[in-house]
Amino acid sequence: MRVPLSWLADYVDLDLTPEALADRLTLLGMEVKAIERWGSDWRSVVVGELVAVDPHPNSERLSLARVNVGDGTLREIVCGATNIATGQRVPVALPGAVLPGGRRIERAEKLGVVSDGMLCSGDELRLTTDAEGILILPADAPIGRPLADLFGDVVLDVDVKPNRGDALSLVGLAREVAAVTGARVRLPRAEVAEEGPPVEERLRVEIEEPGLCPRFVGRWVDGVRVGPSPDRVQMRLLAAGMRPVSNVVDASNYVMLELGKPIHTFDAAAVEGGRIVVRRARPGETLETLDHEERILDPETLLIADPRGPLAIAGVMGGAASEVSEATRSVIIESAIFDPVSIRRTAFRYALRSEASLRFEKGQEFGLAPLGADRTAHLIVAWAGGTVARGRVDTNPREPEPVRIPFRPARVNRLLGTALSGAEQRELLARVGVETEPARGEVRVPVARGERPHDVVAAGEEAIVAVAPPWRRDLAIEADIAEEIARIRGYERIGGTRPDTPMPAYRRSPLGVRDAVRTALVGAGLAEVVTHALVAPEELEAYRLRRPVPSLDDPEPVATPIRVTNPLSSLHSVLRQTLLPSLTGVVLLNLRRGRPGVAIFEIGKGYGRGPEGPVEWWRLGIALAGAATPPSPLLPRRSFDLDDAKGLVEHVAAALGFAEPRFTAEADEPLFHPGRTARLEARLAADAAAIGLVGIVGELHPARLEALEIRDRLVLAELAVRGLGEGWLEPPKVAAPPRHPTVERDLAVVVGETVPAARVAETIRSSAGPLLRRLQLFDVYRGAPLGEGERSLAYRLTFWAEGRTLTEEEVEAVVAAVTGALEREVGGRLRS
Amino acid sequence: MSIDLAGLTRQLELLRDEILAAAAAAPDLASLERLQIDVLGRKGRLTAVLRGIGSLPADDRPKVGAVANAVRAAIEAAVAERREALRAEAIATRIASERVDVTLPGRPVPRGSRHPIPETIAAIAEVFGQFGFVVYEGPEVETDVHNFQMLNIPLDHPARDLWDTLYVDLDGYLLRTHTSPGQIRVMARERPPIRALLPGRCFRYEAVDASHGFEFFQVEGLMIDEGTSMADLRGLLDEFAGALFGAGRATRFRPGYYPFTEPSVAFDVRCVVCDGAGCPACSRTGWMTILGAGMVHPVVLQYGGLDPERYQGFAFGMGVERIANLRHAVADLRYYLENDLRFLEQFR
Ligand SMILES: [Zn+2]
């Protein structure tokens, strides 16, 4: 809410600098977001007196004014406005002046006469909305004074929280100021000279929905002359961020800003027989609203209607037909209380949230209905003339009982960590208008309200009854009273203590496995990235795997995506199911920005729509592209390829204590290169029956690389990792190093090109038995003397036995068994 | 032919002189080794000469032995001396040949980087971990009930304006707008004493600029017990601010508003840019709000299954990007999800 301090000063004395006031309000929970100097953008604009106004010698439409700005000379200024006359005081922009919007004023020739400055309209100064005439200043405006001294203001931008609808008003904020300064609040004058006929002769109001409109106060004014509001009023409304419309409409807006009470005015001539009905819309009814939209009304909508049909959407927007215009002579003032939920729903339904609906939906003080009607009538008479009909129509004049909230000073202290006596607490409450009474008899303290109201009987404890002032609709339970006490006393005075209550039980962090993976991959030179969970639907489809990576301990992935129904952009309208498109995006971004190589990983979630609701699963994604090594005379230049990613997968598996991953060829995923893609799986080292890591690793299909304009390769991996969601790592169980010598044998196995290395290794492992402790491929060879279509895979086999030295014969026997198995199972022979 | 003592001694001396000269002239270690074996080995020349000792009278034999030992020692000494000389020469040669330009850069070691979002979450968790807070996580696709209703924000409540929400095509679900629903989930599974920390990704219907994003990260904290007070909250938050921004940094405790806390708190630290003088980063207030907090609302305790008369405590929530901005002097949170490696590689 924008608060011009000169206006706020109408309701409370302000003895503080704007900065100090802003600080106090902020510490009171009325956070001042900004302090704006209204008028600080008028430079070199001063008050001038029109000493003479003559016709321009060369133009019939222009005048030539002689202006005294108090500097001992008379300036000649050319002016196009017709409302000026000798003797008036007006704003003068001197040469060199800068107006709002950055417009510079210089000495300039206009049709043969040099104009020594400019006379300003209210619109040019953003003070009023009048762009036609020059702003005529009060006759006593001191000549030569900078305009900023006279009309400049300080405007506080106060962030009023949703629970404090009462403070969406100058009077409400004046009460807050009074709470800190001790000053008295002055309510605006609302007395009405009722010189017209009894209101009942003009206006009748019927409420069909008292639940949705618990109170309707109406007044009638005849004989108004609709026109612009006084300049001063326009200035205030503009400073508060509201556009002046006409004196009658401005009166209702003025009251809304002043009291927080939205008021609507109708052209009485458009209300059939002066009869107003407050009812729900009927099926098929329509209304042209003030914004000239023809709206089809939903039957939930509460209407202000006359016997012929809808006049306005109650509390939200008026109708065009009954709008107050220049032709209006009689005005109906509506000052009503509506059901907050109904107003909020209606405002959302028609996308018509306004300053008025914003206040209605927070709830309104009942007594504001008559006060608002009176104050509006008072201002209309003052600004637009007219005669007010005698009395008000009031459908429910009974004021509700004040809300009484018993509370226990000791419980307040327990909550706040303070030691305030009951008397101190009462004194603090009194400063915000919360009266207190001693509790009598058995007192039920409201601990919780809402679905399950919870009261506690204050037995043998001191209890006090707080009486909430009618405007404080936010006070309902004991904790609310505690907050008021803390707030008025100052949160800063709550001392800090370190908690000394019992500690909770130990719990393992769910981040453990993620941290281990991060440490491993960062250590291997990869950059961790975090990308959007919301992606474009096309990306989701383009990167969908035929066979998704299955989950290990997370819920299984679900193919149906979750879509956002109100996305900000289609680029981010669906929750991702794989990390691959986002990682590809990061690779492209960095390559296009000139980075020679990209090596990244992300630990993130996939999301899907399962039969029983949403499903989320964790994945590890890796992407590599471009230069694999930094430029250095010490490193060979090369680009990332599949082997790098496989190495990283093996590295992660080892870091997490899993066995070496086994790779199998994957030629059936259109996303990937059919000859350079593998599915993989790593078992737990401690439990070969359980899988620790599963996924896919491969190079992007060459056709896609071309489409993305990636020159060499893009390697991608997506993996499910046990414990990534909320797991931890079992510390490894280790063996003592062998105390007896180990024996190594190198075997070069010649096999056909089409035999996968994994099968050869598997054959060696299974035929060698338990003495084989390690198997390492150290060379691959093709060419003479091998035949066409053959290759040689050279392995180093390491053997040892527990508690004894292996004999030559034992090792030879194993090698013989391996040789036989290789020949039988993969058609291999040893290369001597 | 018989050899007498003098002849034998003479032979030994000749051998000595010859070998001493040869050793001094040996061009390398290998030839020196060969020379040594040739003379002193089991079948070497010295042994061959000494074979003549058997024809000497018994009295002379020790004398020859003494001479032979002296000759052997002389040869060994000469060989050793030459060996040392050759070694020194070889090392000098090696040093000369191996000289490099030590000012060249080293062989690069691959170096990765940790993303500032998880890193900042870890830093926050480390601080609160010292005070007994343990980490939990909740779902990102949440129910309206958990995200709003159980947090004392009924349907059609004006406070919903505080969270512009992204809704999904699943009835009753939305993308969580904050980590606060985790409060309900923790209370539902744990009995007090509770000290929980809930980090995670959140979503809002919010146009992207330097300080807003439609996806962002939060860390929620929750502490519930029988006597946990607002003073405890202040004390803990002061510890946190000191841990992150230095022990001397001033803090400010002021009223805030959340439907799920009562009283509610906004927590400020002295602007880390201007130190209170006033600058654009702090909207000229000299203070920066780093988190929102408050005493858990009795209705929220009820929805968590706790007796609001017996139990009380506090909750707090902070934006991870905001904390990361302050820690690393970042001015625009769009960098975090953009992932330009020139930005990310600075985080270690
Ligand atoms: Zn600052």
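What follows is calculated from the coordinates using simple rules that are stated; it is not laboratory data. On a predicted model such as this, the values are computed, not experimentally measured, just so you know. Here the Cβ positions follow ideal geometry from the backbone for every residue, glycine too, while neighbour counts run over all protein chains shown.
Looking at the stretch A:43-151, what % of the alpha carbon pairs are farther apart than 20 Å?
Within the stretch A:43-151, distances greater than 20 Å cover 31 percent of Cα pairs.
Quick check: Cα centre of the stretch A:581-639 to Cα centre of the stretch A:685-718, how many Å?
Distance between centres, Cα-based: 10 Å.
Could you please report the charge total around A:Thr798, scoring K, R as +1 and D, E as -1 over all other residues with beta-carbon less than 13 angstrom from its beta-carbon?
+3
Restricting things to alpha carbons, find the Rg to Rh ratio for the protein assembly as shown using the Kirkwood radius for Rh.
Across the protein assembly as shown, the Cα-based Rg/Rh ratio is 1.18.
Post the alpha-carbon centroid distance, the stretch A:103-168 to the stretch A:490-545, in whole angstrom.
Result: 53 Å between the Cα centres.
Please compute the modelled spin-label separation between B:Ala250 and A:Asp291, points set 7 Å along Cα→Cβ, answer in nm with one decimal.
4.5 nm
With a sphere of radius 12 Å drawn around the Cβ of A:Gln364, what net charge do the other residues whose Cβ falls strictly inside it have (Lys, Arg +1; Asp, Glu -1)?
Spelling it out: positives minus negatives among the neighbours equals +1.
Which loop GluC sites (Glu not before Pro) in the stretch A:587-645, with loop taken from DSSP, have no more than 11 other Cβ atoms within 10 angstrom of their Cβ?
A:Glu612
Could you work out, residue by residue across B:191-198, how many beta carbons of other chains sit within 10 Å of that residue's beta carbon, and then give the average as an integer?
Per residue, the average neighbour count from other chains is 3.
Place +1 on the Cβ of every Lys and Arg and -1 on the Cβ of every Asp and Glu in the protein assembly as shown, take the dipole about the Cα centre, and give the residue among A:Ser570, A:Thr181, A:Ala623 whose Cα lies farthest towards its positive end.
Farthest towards the positive end: A:Ala623.
Per residue of the protein assembly as shown, what 222 nm ellipticity follows from adding -39500 (n - 2.57) for every DSSP H run with n ≥ 4, rounded to the nearest 500?
-9000 deg cm²/dmol
Enumerate the calculated ³J(HN,Hα) couplings along the stretch A:39-56 in order (Karplus 6.51 cos²θ - 1.76 cosθ + 1.60, θ = phi - 60°), each rounded to whole Hz, writing x wherever the residue is Gly or Pro.
Ordered by residue, 3J(HN,Hα) equals x, 5, 9, 9, 10, 6, 10, 10, 7, x, 9, 7, 6, 8, 10, 10, x, 5 Hz.
Relative to the first principal axis of the alpha-carbon coordinates of chain B, what is the inclination of helix B:61-98, with its axis defined by its Cα atoms, in degrees from 0 to 90 and to the nearest 10?
Orientation of helix B:61-98: about 40 degrees from the principal axis.
On average, how many beta carbons from a partner chain sit within 10 Å of the beta carbon of a residue in A:592-600?
2
Put a dot 7 Å past each Cα toward the Cβ at A:Arg637 and A:Thr742; how far apart are the dots in nm?
Once both label points are built, they end up 3.9 nm from each other.
Over all Cα pairs of the stretch A:509-663, how is the pair count split among 5 Å bins, expressed in % and running from 0 up to the last occupied bin?
2, 8, 15, 19, 20, 16, 11, 6, 3, 1, 0, 0
Which residues does a label at B:Asp171 reach in the stretch A:614-631, if reach means a backbone N under 18 Å from a point 7 Å past the Cα toward the Cβ?
Those under the cut-off are A:614-615.
Considering only DSSP beta bridges where both residues belong to chain A, give the percentage that are antiparallel (nearest 5).
Close to 95 percent.
Using the Karplus curve 6.51 cos²θ - 1.76 cosθ + 1.60 with θ = phi - 60°, what ³J(HN,Hα) values do you get for each residue of the stretch A:274-280, in whole Hz, with x for Gly and Pro?
Once θ is set to phi - 60°, the couplings for the stretch A:274-280 become x, 10, 10, 10, 9, 8, 7 Hz.
About its Cα centre, what dipole magnitude does the stretch A:404-490 give when the only charges are +1 on Lys and Arg Cβ and -1 on Asp and Glu Cβ, stated in debye to the nearest 20?
Rounded to the nearest 20 debye, it is 120 debye.
Counting other Cβ atoms within 10 Å, which GluC sites (Glu not before Pro) in the stretch A:277-367 have at most 10 and lie in a DSSP loop?
Filter output for the stretch A:277-367: A:Glu326.
If the only charges are +1 at each Lys and Arg Cβ and -1 at each Asp and Glu Cβ, what is the size of the charge dipole of chain A around the Cα centre, to the nearest 20 debye?
Roughly 1420 debye for chain A.
Angle between the Cα long axis of helix A:808-826 and the longest principal axis of chain A, 0 to 90 degrees, nearest 10?
Taking Cα atoms only, the helix is inclined about 70 degrees.
Is there a quick way to get the dipole size of the stretch A:691-832? I mean about its Cα centre, with the Cβ of Lys and Arg at +1 and of Asp and Glu at -1; what is the value in debye to the nearest 20?
Dipole of the stretch A:691-832, to the nearest 20 debye: 240 debye.
Relative to the longest principal axis of the C-alpha atoms of chain B, give the angle of the C-alpha long axis of helix B:116-129, reported between 0 and 90° and rounded to the nearest 10°.
With both axes taken from Cα atoms, the answer is about 80 degrees.
Which trypsin sites (Lys or Arg not before Pro) in the stretch B:27-65 pass both tests, a DSSP loop state and at most 16 other beta-carbon atoms within 10 Å?
Here the sparse-neighbourhood loop sites are B:Arg42, B:Lys43.
For the stretch A:759-770, take each phi angle, set θ = phi - 60°, evaluate the Karplus expression 6.51 cos²θ - 1.76 cosθ + 1.60, and give the result in whole Hz per residue in order, putting x for glycine and proline.
With coefficients 6.51, -1.76 and 1.60, one gets 6, 4, 4, 5, 4, 4, 4, 6, 8, 7, x, x Hz.
Sorting A:Lys362, A:Lys646, A:Lys605 on the 10 Å Cβ count, fewest up front, what's the list?
A:Lys646, A:Lys605, A:Lys362
Taking the Cβ of B:Tyr257 as the center, what net charge do the other residues with Cβ under 10 Å away carry, scoring Lys and Arg +1 and Asp and Glu -1?
Its environment carries a net charge of -3.
Using Cα positions and a limit of under 15 Å, work out the aspartates and glutamates in reach of B:Lys63, with same-chain residues fewer than 8 apart set aside.
Qualifying aspartates and glutamates at Cα under 15 Å: B:Asp4, B:Glu13.
Lys/Arg Cβ at +1, Asp/Glu Cβ at -1, dipole of the stretch B:116-347 taken about the Cα centre: which of B:Leu233, B:Gly304, B:Cys202 is farthest positive-ward?
After comparing all options, I get B:Leu233.
Let me confirm one metric for peptide B:125-137, namely the mean number of other chain beta-carbon atoms within 10 Å of its residues' beta-carbons.
The per-residue average across the peptide is 3.
Got a sec? Charge dipole of the protein assembly as shown, +1 on Cβ for Lys and Arg, -1 for Asp and Glu; which of A:Val160, A:Ala190, A:Tyr350 is way out at the positive end?
Checked the options; the winner is A:Val160.
Which far-off residues, 5 or more places away or on another chain, put their amide H under 5 Å from the one on B:Val135, with H placed in the peptide plane?
When sequence neighbours closer than 5 places are left aside, the close amide H contacts are B:Leu197.
Which of these, B:Val135, B:Val296, B:Val100, has the largest mean-square fluctuation under a Gaussian network model of chain B (Cα springs below 10 Å)?
With Cα springs under 10 Å in chain B, the top fluctuation among B:Val135, B:Val296, B:Val100 is at B:Val100.
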